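The values are calculated or read from the model by the stated rules, or taken from the named source; none is laboratory data. Everything numeric here is computed off the predicted structure, so don't read it as measured data. Note: ideal-geometry Cβ built from the backbone for every residue, glycine included; neighbour counts use all protein chains shown. We work out accessible area using only protein heavy atoms, side chains counted, and drop any ligands, DNA or RNA first. Shrake-Rupley method; radii C 1.70, N 1.55, O 1.52, S 1.80 Å.
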Amino acid sequence: MSFIPGQPVTAVVQRVEIQKLCQGDHLILGFSIGGGMDQDPVQNPYSEDKTDKGIYVTRVTPKGPAEKAGLMMGDKIMQVNGWDMTMVTHDQARKRLTKKKEDVVRLLVTRKSLEEAVKHSMCGYPKQ
């Protein structure tokens, strides 16, 4: 799943809605991210061709809000609450995800298994 920054992209996405967990003054999402336009994509274990500078989920806390919502390690975050995340720095992505006034984070993510499932389901259909 590599994409060229700034170019239109066609991707199979899944909606993930995470209800932040309140712990004292902190709102917890239960996941960590890696990647961004300012990061070295060679260091990203989820970038297949080592050129993708997207934002990826690198860790999901067991039984945390993100896991309960269905987020998975390796998911590529395409949108956060309607904001495009395909051309952002790591810090911009972190700030967008951790806005204090938002109790719910709505993500559009893509993952390899989604694309494979769609390809597999299309195999039996005649081309038009």
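First compute the accessible area of the range 24-87 with a 1.4 Å probe, then give the percent of it belonging to carbon and sulfur atoms.
Here carbon and sulfur together make up 54 percent of the probe-accessible area.
How do 25-36, 50-61 rank on mean C-beta neighbours within 10 Å, highest first?
50-61, 25-36
Taking just the alpha carbons, could you work out the radius of gyration and Dmax for the range 31-93, both in angstroms?
Rg then Dmax for the range 31-93, in Å: 11.5, 32.
Between Asp103 and Asn81, what length comes free when the chain is fully extended (0.36 nm per residue of separation minus the Cα-Cα distance, one decimal in nm)?
Value of the extension gain: 6.8 nm.
Return the distance in nm (one decimal) between the two label points of a simple spin-label model at Arg15 and Thr51, each offset 7 Å from Cα along Cα→Cβ.
3.4 nm
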